[in-house]
Protein chains: 2
Amino acid sequence: MADTAETLAAPDFSGWTCPAPLRDQPRVVMGHGGGGALSAELVRYVFAPAFGGEVLSGLADSATVSLGGARLAFSTDSYVVRPLFFPGGSIGDLAVNGTVNDLAMSGATPAYLSCGFILEEGVEMSLVARVAEALGAAARTASVEVVTGDTKVVEAGHGDGLYVNTAGIGLIPDGVDIRPQRAAPGDVVIVSGEIGAHGVAVMSVREGLEFGVEIESDTAALGGLVETVLRVTTDVHVLRDPTRGGLAAALNEIAAASGVGVVLQERAVPVPPAVANACAVLGLDPMYVANEGRLVAFVPRAVAEEVLAAMRAHPLGTGAAVIGECVPDHAGMVVARTGLGGTRVVDLPLGEQLPRIC
Amino acid sequence: MADTAETLAAPDFSGWTCPAPLRDQPRVVMGHGGGGALSAELVRYVFAPAFGGEVLSGLADSATVSLGGARLAFSTDSYVVRPLFFPGGSIGDLAVNGTVNDLAMSGATPAYLSCGFILEEGVEMSLVARVAEALGAAARTASVEVVTGDTKVVEAGHGDGLYVNTAGIGLIPDGVDIRPQRAAPGDVVIVSGEIGAHGVAVMSVREGLEFGVEIESDTAALGGLVETVLRVTTDVHVLRDPTRGGLAAALNEIAAASGVGVVLQERAVPVPPAVANACAVLGLDPMYVANEGRLVAFVPRAVAEEVLAAMRAHPLGTGAAVIGECVPDHAGMVVARTGLGGTRVVDLPLGEQLPRIC
């Protein structure tokens with residue numbers, strides 16, 4: 001922080017009172033970017049009061065807005081992953097897939113992306129080009145178009161090679177109303193495939209670890225998978241891509257937003273053996289590890305089998321599995337039935353176990 | 001750049017051939033973020049080939065896209081200005097006004113913004129809150145809503161306190177077609193007010209300079225001013241906010257996109273005496289200094305007087321002035337008739353004279 005915002009920012013902040021829940025956090029910590037409880041506090045106590053508005057507090061991955069008679073999904077994410085390239089993908093892939101997936105989780109058909117680079121002075125132009133190429137290729141795969149962009153450069157030592165932000169817009173089909181608040185008792189919880197690969201893939205290269213087999217990130221654009229599901233039924237209640245904070249954070253957010261309880265069958269959650277082994281070595285719980293090409297769906301029991309079959313028939317859903325259900329008990333709480341017949345609470349993580357995972 | 005992208009990025013870039021015009025730039029320099037010739041090269045030779053698409057190459061401040069029957073403007077900018085607060089505004093104001101103005105320059109009515117923060121670990125929460133408050137207040141003034149957001153945190157030493165990206169969408173009214181390609185010989189060039197204040201305001205605090213009077217940034221949202229003009233006539237050919245690279249860059253881009261020549265009357269360009277003095281001290285040309293609350297309009301001669309009067313009747317256009325015209329000669333080039341009767345070429349700047357001005 002030498003010679004940065006603090007020294008340069010002239011105004012007197014003495015009139016600012018830190019909201020009570022943030023009182024122990026007078027400074028930003030890594031966890032504020034982790035997608036867990038600390039991130040939620042930052043939004044609730046700092047951003048929401050400043051920005052106002054009801055849409056922001058909707059807690060969905062994207063906002064739903066109306067413009068010129070069209071119902072649109074609108075979302076943004078900045079990407080600061082380290083390293084920039086990892087087994088199975090790169091920051092360019094994430095920048096497309098992450099934002100496209102946020103749109104798809106409202107049932108929207110992702111259409112257009114913006115792209116803003118913050119480059120560090122001195123970074124190799126070849127690196128910028130490789131990231132741009134990966135981003136462009138991912139956009140073509142996801143059937144979205146990068147239509148507008150911006151580049152800023154900061155002095156050496158004030159960045160980290162390359163950060164990228166994308167925002168995206170997509171069209172929400174008529175009759176589709178998918179949002180966390182719609183989870184209801186009786187809903188079946190389906191995950192589209194094995195979890196934990198993205199986080200472990202990034203972590204393994206960052207720490208220089210090897211686990212016998214190379215674990216590749218699951219990064220993928222899920223627009224096509226969602227479209228497949230919506231062809232079976234538009235009565236999908238919730239979709240969520242379990243990124244930062246993993247499946248645990250996604251399920252907790254849905255339980256909190258809808259006021260239902262979620263019961264998981266721990267043994268039904270698909271974790272590849274290589275990921276399970278790596279997590280054991282790294283001291284991680286796969287339930288909290290980020291995914292970038294998976295979704296969790298809450299659907300009425302009546303359509304669950306059909307949705308599951310449709311997912312399994314799609315290349316990005318071959319590993320889909322029913323992992324739990326919604327109950328009227330323990331509202332807002334997620335519990336897991338363990339393999340031994342016990343029950344444990346699956347908490348919202350405070351931050352992200354693995355900083356800068358996306 | 002220690003311990004960053006370069007060391008962490010595993011892939012072999014040896015197959016990448018630096019495009020010829022970039023051959024002298026194997027690494028990113030500050031000017032690549034300056035909005036001048038270097039920025040244009042980066043887009044042309046690195047981003048455009050990677051992303052493909054025709055819309056990106058349209059060179060406008062925002063993209064025009066169709067979705068669900070609505071004609072939308074879509075734009076993004078990242079903000080890295082130093083210091084975060086300066087006379088007349090802050091990064092929060094810029095993050096709203098910059099993106100809103102990019103939308104307005106296509107004639108769109110700005111409606112919704114996304115907001116992505118990249119925070120540096122250790123930054124004071126009060127600083128984040130003050131920036132958020134400024135951003136929220138600016139959004140309310142501009143009649144736009146911040147509807148979706150994201151926060152990432154990077155380790156101390158890998159950021160600069162706070163960066164922010166906004167993307168925005170707006171609705172383009174029927175019958176409006178405003179873009180750089182539409183400039184035509186005979187068009188009258190109008191600027192909405194005095195130029196140079198933003199760049200000088202930022203520079204003065206950054207360098208700790210005083211010029212007798214405090215110069216305040218002109219940062220403002222121009223949606224209302226554009227609406228006022230469009231009530232007079234929808235036959236506006238080009239609108240542009242002369243930000244990075246100043247009036248000179250804006251006019252050069254329009255001349256290049258449309259293939260017209262632009263002739264300025266140097267003495268007609270309104271430069272406040274305080275800005276002129278400061279520029280003399282700093283060795284800057286006001287024509288190249290960034291503005292954040294001004295626009296330049298190209299309109300047919302038949303409606304020029306009416307447009308000028310409408311601008312002057314608006315609080316953000318009181319200083320509006322005719323500064324030149326479009327001619328069929330010297331296609332793609334901007335020249336200025338000097339006070340002494342001579343003519344000089346007004347070049348596209350290579351980069352921005354003042355790095356991190358927005």
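Where residues in region A:73-99 are facing chain B (nearest Cβ under 9 Å) and among the polar types (S, T, N, Q), which of them is nearest to B:Lys152 (Cα to Cα)? Here the residue is A:Ser78. Of the set (1) farther than 21 Å from B:Gly89 by Cα; (2) crowded, with 17+ Cβ neighbours inside 10 Å, all apply to B:His314 but (1).
Quick one: in region B:322-335, of everything that is touching a Gly at 6+ places or on another chain (Cβ under 8 Å) and closer than 24 Å to B:Leu222 by Cβ, which residue is most open to solvent (accessible area, probe 1.4 Å)? Residue satisfying both the conditions and the ranking: B:Glu325. Consider B:Gly157 carefully, then state whether it is more than 7 Å from chain A (Cβ to nearest Cβ) and either open to solvent by 10 Å² or more (accessible area, probe 1.4 Å) or not in a strand (DSSP E or B) (or both). When the stated conditions are applied, B:Gly157 passes them. Here B:Asp61 fulfils each of the conditions (1) closer than 21 Å to B:Gly224 by Cα; (2) at pLDDT 95 or above apart from (2). Just checking, does region A:174-196 include any residue being within 12 Å of chain B (Cβ to nearest Cβ) and at negative phi? Yes, that holds for at least one residue.
Matching residues to (1) modelled with pLDDT under 95; (2) open to solvent by 20 Å² or more (accessible area, probe 1.4 Å); (3) touching a helix residue (DSSP H, G or I) at 6+ places or on another chain (Cβ under 7 Å); (4) not in a loop (DSSP other than H, G, I, E, B):
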site: A:Tyr163; (1), (2), (3), (4): no, no, no, yes
site: A:Pro185; (1), (2), (3), (4): no, yes, no, no
site: A:Ile195; (1), (2), (3), (4): no, no, yes, no
site: A:Glu214; (1), (2), (3), (4): yes, yes, no, no
site: A:Val236; (1), (2), (3), (4): no, no, yes, no
site: A:Leu239; (1), (2), (3), (4): no, no, yes, yes
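Mind checking whether some residue in region B:90-100 is touching a helix residue (DSSP H, G or I) at 6+ places or on another chain (Cβ under 6 Å), open to solvent by less than 20 Å² (accessible area, probe 1.4 Å) and free of Cβ contacts under 8 Å to residues at least 60 places away in the same chain? Within region B:90-100, one or more residues are touching a helix residue (DSSP H, G or I) at 6+ places or on another chain (Cβ under 6 Å), open to solvent by less than 20 Å² (accessible area, probe 1.4 Å) and free of Cβ contacts under 8 Å to residues at least 60 places away in the same chain. Against the numbered list (1) at pLDDT 95 or above; (2) open to solvent by 60 Å² or more (accessible area, probe 1.4 Å), B:Gly283 comes up short only at (1). Only one entry in A:Val131, A:Val153, A:Val100 is touching a His at 6+ places or on another chain (Cβ under 8 Å) and among the hydrophobic types (A, V, I, L, M, F, W, C), namely A:Val153. Just checking, does region A:336-353 include any residue being modelled with pLDDT under 95, among the acidic types (Asp, Glu) and either within 19 Å of A:Val188 (Cα to Cα) or open to solvent by 60 Å² or more (accessible area, probe 1.4 Å) (or both)? The answer is yes, given that some residue of region A:336-353 is modelled with pLDDT under 95, among the acidic types (Asp, Glu) and either within 19 Å of A:Val188 (Cα to Cα) or open to solvent by 60 Å² or more (accessible area, probe 1.4 Å) (or both). Flag not set for A:Ala255, criterion: open to solvent by 20 Å² or more (accessible area, probe 1.4 Å) and under 22 Å from A:Met105 (Cα atoms).
Checked against the criterion of being among the hydrophobic types (A, V, I, L, M, F, W, C) and assigned to a loop (DSSP other than H, G, I, E, B), region A:301-312 has no qualifying residue. For region A:122-133, the count of residues that are facing chain B (nearest Cβ under 9 Å), surrounded by fewer than 21 Cβ atoms within 10 Å (Cβ to Cβ) and within 16 Å of A:Glu145 (Cα to Cα) is nonzero.
Of the residues A:Val146, A:Val189, the single one that is part of a strand (DSSP E or B), touching a helix residue (DSSP H, G or I) at 6+ places or on another chain (Cβ under 9 Å), surrounded by 24 or more Cβ atoms within 10 Å (Cβ to Cβ) and assigned by TED's automatic domain parsing to the domain that holds A:Met287 is A:Val189.
Among residues of region A:136-156 that are over 20 Å from B:Thr76 (Cα atoms), those with a beta-carbon under 7 Å from a residue that is charged (D, E, K, R) at least six positions away or on a different chain give the pairs A:Glu155/A:Glu121; A:Ala156/A:Glu120; A:Ala156/A:Glu121. Whether any residue in region A:217-225 is touching a strand residue (DSSP E or B) at 6+ places or on another chain (Cβ under 8 Å), crowded, with 20+ Cβ neighbours inside 10 Å, at pLDDT 95 or above and not small (Gly, Ala, Ser) is what I want to check. Yes, some residue in region A:217-225 is touching a strand residue (DSSP E or B) at 6+ places or on another chain (Cβ under 8 Å), crowded, with 20+ Cβ neighbours inside 10 Å, at pLDDT 95 or above and not small (Gly, Ala, Ser). Residues considered: A:Leu222, A:Leu230. Of these, the only one that is touching a residue at least 60 places away in the same chain (Cβ under 8 Å) and within 27 Å of A:Ser39 (Cα to Cα) is A:Leu222. In region A:100-114, the count of residues that are farther than 28 Å from B:Asp93 by Cβ, at pLDDT 95 or above, part of a loop (DSSP other than H, G, I, E, B) and at the interface with chain B (Cβ under 7 Å from one of its Cβ atoms) is zero. Which pairs turn up if I take residues in region A:33-44 that are assigned to a loop (DSSP other than H, G, I, E, B) and look for partners that are crowded, with 24+ Cβ neighbours inside 10 Å with beta carbon separation below 6 Å, at least 6 apart in sequence or on another chain? Close Cβ pairs satisfying both conditions: A:Gly34/A:Arg244; A:Gly34/A:Glu352; A:Gly35/A:Arg244; A:Gly35/A:Gly245; A:Gly35/A:Ala249; A:Gly35/A:Glu352; A:Gly36/A:Gly245; A:Gly36/A:Ala249.
Can you confirm whether region A:156-171 contains a residue that is assigned by TED's automatic domain parsing to the domain that holds A:Arg82 and farther than 30 Å from B:Ser39 by Cβ? Checking region A:156-171: at least one residue is assigned by TED's automatic domain parsing to the domain that holds A:Arg82 and farther than 30 Å from B:Ser39 by Cβ.
The values are calculated or read from the model by the stated rules, or taken from the named source; none is laboratory data. Note that the structure is a prediction, hence the values are computed from the model and not measured. No Cβ is skipped: glycine too gets one built from the backbone with ideal geometry, and neighbour counts run over all protein chains shown. These accessible areas exclude ligands, DNA and RNA; they are computed on the full protein's heavy atoms, side chains included. Shrake-Rupley method; radii C 1.70, N 1.55, O 1.52, S 1.80 Å.
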